[in-house]
Amino acid sequence: MSTADGAAATYPLSWGQAWPWLDQYRFPDRRTFDPVGFRVGLAEPGVPLGTATDALHRLCDRHESLRTRYLVAADGEPFQRIGDPALEYEMVRLPADADPAARERCVAEIVGAGYPPFDVTRSCGRAILVARGDRVLDVLVLLDHVAADVWGGDVLRRDLAVLLDPAPVAADDRYGQPRELAAEQSTEAGARRNRAGLAYWRRQMAAIPHTLFPEISEGRDTGRHSVHVARLRSPAAALALDQLAERYRVPASAVLLGAYAAVMSATTGFRTIGVSTVVNNRFSARRRNTVTSTVLPALASVEVDWADTVGSLLRQAAGAQLTATQRAECDNTETLLEGIRVQHQRGTSSDLIPQFNFVVGDQPSAAPGGRPPCDAATLARALADTRLTEAEEPWQNWIRLSAQYGPDLGEVTLHVPSRVRDRATTSALLRHLESLLVQQAGSTRELVLRTVPPFAGRSRPPLAEGWAWVDGCRIRPAAVRDLIATHPDVSRCAVRLVTEAGRATMHADVLARTADLDAVALHRWLMARLDSCPAAITPRGYAVTTDPAAFGRTGTAADGRGAPARPRPPRTDGERALLAAVRTHAAPRALLEDPYALTGGRLDRVPAVLRRLAEQGWHGLHLEDFLNLRPLADLATVLHPVDVPARA
């Protein structure tokens with residue numbers, strides 16, 4: 001089958017679709033990307049059932065994302081196929097005497113009910129029609145995130161509302177399609193944007209602080225944990241955002257980003273604050289009505305100078321936000337691999353980068369900056385309506401700020417889940433954020449950051465006992481020593497700090513049981529375990545010896561942070577099978593050239609590897625194994641397919 005304009009019906013995934021597509025393979029029991037849902041409610045008495053189903057069919061005709069399945073080719077490359085509508089239908093009937101309250105309860109039950117994951121090889125979405133008799137009152141649509149992001153969901157909601165209108169207004173039927181976006185990315189111009197984005201990502205990953213929150217109490221595993229969640233509903237913060245955005249001629253989101261960076265700097269003591277956000281931009285006006293997923297992570301780096309003014313910080317945040325958005329247009333599966341390479345070079349685990357999300361809610365009719373000016377007295381009165389709630393909830397992220405902002409609603413809701421051990425820090429962060437915004441909005445003069453309560457006289461927070469600044473990171477040297485000591489070939493370990501030219505680095509003296517253990521092998525072993533010990537980094541230098549008399553006395557120090565020369569051999573049948581699949585089906589030549597590319601630089605090939613393993617009887621391996629078990633990539637550098645032992 002071909003598309004309406006004669007284009008081929010099969011085409012590759014775009015950059016923004018790759019990560020939501022891979023998400024289904026990442027964890028066995030949950031998804032990082034929630035489905036995108038929306039509701040179109042109709043005025044009584046609703047519309048005939050035929051009108052509602054016809055509107056959904058026309059919506060599918062207009063947007064190819066609703067007619068697309070997501071498959072994997074024989075060589076492991078994922079692709080999309082346009083065909084018949086991929087939207088499932090379901091009818092829920094209300095009793096004949098159901099009143100509006102019963103209708104709302106029914107919708108709430110549908111929205112709150114659990115939903116099975118989509119099989120995107122067969123269907124990408126589900127539509128539920130809520131009807132009374134033969135007339136439909138509500139249409140609820142749930143879409144897999146690979147088919148549509150929040151932006152795309154809003155386009156669908158708007159279009160469906162028009163199609164359901166008995167007297168629709170004339171509309172332009174020309175809409176951009178995901179395949180056009182993928183085609184643009186495959187051009188030479190797209191390749192240049194990809195290279196620029198990856199270079200920007202690499203620079204930021206090498207510069208942002210490591211372990212922003214050393215109080216993290218558990219490592220990065222795949223389970224859900226109960227975390228502290230603080231929510232602040234603040235009309236005063238909404239007024240302040242509006243005022244400051246208009247005063248400094250920057251977006252309201254940049255105001256919040258700058259304030260967030262200041263609060264994070266005051267909390268952690270770092271001057272450079274790297275903030276991760278997700279860009280759902282289509283990057284051109286022609287693509288603004290394209291229904292697809294453009295989930296592109298962006299890194300905004302903000303420098304916080306406490307001698308600077310609030311206004312200067314907000315203008316810098318606006319520039320950082322713009323740069324991050326522009327440089328987000330690249331293949332985000334490659335950015336993940338770039339992050340792994342940089343972590344190896346820095347000797348760190350996954351950096352604990354705070355996340356920042358800013359959502360304008362409910363299509364406000366008034367643009368930000370549209371309210372009349374308010375003075376300090378107005379802001380003070382609005383502060384009386386601030387409500388802070390705290391709870392323990394399951395959440396998989398580490399530290400994140402989400403903001404919902406609507407000028408018509410008159411409030412901004414700030415939501416921070418955190419795994420930091422000091423629970424009071426999370427709630428104080430929100431209070432400080434509100435205070436910074438309100439203090440500057442209520443003043444007619446430029447305030448200097450260090451004079452704004454509660455940051456007056458703020459300096460770098462003192463380190464807790466046992467912590468140290470090493471290599472620009474905040475770590476516990478004892479944690480590094482204890483981690484090395486768990487290696488089966490290590491009988492004794494000591495770490496010491498070495499200061500040169502004002503910079504502290506860490507050196508490890510290691511007494512090994514066998515001569516097979518050297519700096520490279522030890523570094524590789526440590527890198528595979530740092531995610532479970534965020535307070536640790538790998539030493540800059542190692543002195544590994546099997547002679548007890550030479551322990552701690554040698555002046556030589558080998559640097560293990562380089563291309564590994566002798567990775568360990570496979571130890572389990574599962575690792576042997578995984579190695580065989582990687583070598584056979586995942587670009588082994590590129591894997592040999594760069595073992596940190598894991599699967600030959602193509603993370604989207606992993607699902608095909610997993611599928612082949614399942615067909616051979618190997619179960620229990622998921623995409624996260626490729627991300628966390630980094631030594632598996634090294635196996636390809638020492639073995640050939642004929643060397644792989646057969647399954648026992």
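The values are calculated or read from the model by the stated rules, or taken from the named source; none is laboratory data. Note that the structure is predicted; figures quoted are calculated from it, not measured. Every residue, glycine as well, gets a Cβ built from its backbone with ideal geometry; the counts of neighbours run over all protein chains shown. Heads up: the accessible areas ignore ligands, DNA and RNA and are worked out on the full protein's heavy atoms, side chains in. Shrake-Rupley method; radii C 1.70, N 1.55, O 1.52, S 1.80 Å.
So, residue 348, is that one out of contact with any helix residue (DSSP H, G or I) (no Cβ under 6 Å at 6 or more places or on another chain) and either modelled with pLDDT of 85 or more or open to solvent by 50 Å² or more (accessible area, probe 1.4 Å) (or both) or not? Taking the combined requirement at face value, the residue does not satisfy it. Taken over the range 444-468, the criterion of being of a type in the set (D, E, K, R), at pLDDT 75 or above and in contact with a Phe, Trp or Tyr (Cβ under 8 Å, 6 or more places away or on another chain) is satisfied by 450 alone.
Only one of the listed residues (315, 271, 287) is surrounded by fewer than 20 Cβ atoms within 10 Å (Cβ to Cβ) and more than 28 Å from residue 435 (Cα to Cα). That residue is 287.
Once the range 427-474 is narrowed to residues that are open to solvent by 50 Å² or more (accessible area, probe 1.4 Å) and β-branched (Val, Ile, Thr), the residue that is nearest to residue 535 (Cα to Cα) is 451.
Is it the case that some residue within the range 411-433 is modelled with pLDDT of 75 or more and more than 29 Å from the chain's Cα centre (by Cα)? Scanning the range 411-433 turns up no residue that is modelled with pLDDT of 75 or more and more than 29 Å from the chain's Cα centre (by Cα).
Every residue, every condition in (1) at pLDDT below 90; (2) touching a Lys or Arg at 6+ places or on another chain (Cβ under 8 Å); (3) open to solvent by 80 Å² or more (accessible area, probe 1.4 Å), yes or no:
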{"residue": "87", "(1), (2), (3)": "yes, yes, no"}
{"residue": "97", "(1), (2), (3)": "yes, no, yes"}
{"residue": "107", "(1), (2), (3)": "yes, yes, no"}
{"residue": "119", "(1), (2), (3)": "yes, no, no"}
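Specify the residue that is farthest from the chain's Cα centre (by Cα); the eligible residues are those in the range 484-517 that are outside any helix (DSSP H, G or I) and of a type in the set (Gly, Ala, Ser). For the range 484-517, the residue satisfying everything is 515.
Going by the structure shown, is residue 76 in contact (Cβ under 8 Å) with a residue 60 or more places away in the chain, in contact with a Lys or Arg (Cβ under 7 Å, 6 or more places away or on another chain), within 30 Å of residue 10 (Cα to Cα) and exposed (fewer than 14 other Cβ atoms within 10 Å of the Cβ)? Walk me through how you get there before you give the answer.
Working: in contact (Cβ under 8 Å) with a residue 60 or more places away in the chain: yes; in contact with a Lys or Arg (Cβ under 7 Å, 6 or more places away or on another chain): yes; within 30 Å of residue 10 (Cα to Cα): yes; exposed (fewer than 14 other Cβ atoms within 10 Å of the Cβ): no.
Taking the combined requirement at face value, the residue does not satisfy it.
Checking each residue in the range 364-406 for being at pLDDT 70 or above, surrounded by fewer than 13 Cβ atoms within 10 Å (Cβ to Cβ) and part of a strand (DSSP E or B) picks out 387, 389, 391, 392, 393. Residues in the range 177-194 that are touching a residue at least 60 places away in the same chain (Cβ under 8 Å) and assigned to a helix (DSSP H, G or I): 178, 179, 180, 181, 182, 183, 185, 193, 194. Checked against (1) at pLDDT below 90; (2) among the small types (Gly, Ala, Ser); (3) crowded, with 22+ Cβ neighbours inside 10 Å, residue 52 passes all but condition (1).
Out of curiosity, is residue 161 among the hydrophobic types (A, V, I, L, M, F, W, C), in contact (Cβ under 8 Å) with a residue 40 or more places away in the chain and open to solvent by less than 40 Å² (accessible area, probe 1.4 Å)?
Numbers: among the hydrophobic types (A, V, I, L, M, F, W, C): yes; in contact (Cβ under 8 Å) with a residue 40 or more places away in the chain: yes; open to solvent by less than 40 Å² (accessible area, probe 1.4 Å): no.
Against the criterion (among the hydrophobic types (A, V, I, L, M, F, W, C), in contact (Cβ under 8 Å) with a residue 40 or more places away in the chain and open to solvent by less than 40 Å² (accessible area, probe 1.4 Å)), residue 161 does not qualify.
Of the residues making up the range 141-153, at least one is part of a helix (DSSP H, G or I), at pLDDT below 90, open to solvent by 30 Å² or more (accessible area, probe 1.4 Å) and out of contact with any helix residue (DSSP H, G or I) (no Cβ under 9 Å at 6 or more places or on another chain).
In the range 327-345, is there at least one residue being basic (Lys, Arg), modelled with pLDDT of 85 or more, part of a helix (DSSP H, G or I) and in contact with a helix residue (DSSP H, G or I) (Cβ under 6 Å, 6 or more places away or on another chain)? Don't jump to the end; show me each part of the working.
Step one: list which residues in the range 327-345 are basic (Lys, Arg), which gives 327, 341.
In the following step, the residues that additionally are modelled with pLDDT of 85 or more were identified as 327.
Still in the list and also part of a helix (DSSP H, G or I): 327.
After this cut, where a residue has to be in contact with a helix residue (DSSP H, G or I) (Cβ under 6 Å, 6 or more places away or on another chain) as well, the list is 327.
Yes, the range 327-345 has at least one match.
Of the residues that sit in the range 518-537 and are part of a loop (DSSP other than H, G, I, E, B) and either of a type in the set (A, V, I, L, M, F, W, C) or out of contact with any strand residue (DSSP E or B) (no Cβ under 6 Å at 6 or more places or on another chain) (or both), which one is farthest from residue 474 (Cα to Cα)? Result: 528.
The residues in the range 494-553 that are open to solvent by 50 Å² or more (accessible area, probe 1.4 Å) and touching a Gly at 6+ places or on another chain (Cβ under 6 Å) can be counted, and the count is 1. The listed residues are 101, 113, 127, and the only one of them that is exposed (fewer than 12 other Cβ atoms within 10 Å of the Cβ) and at pLDDT 85 or above turns out to be 101.
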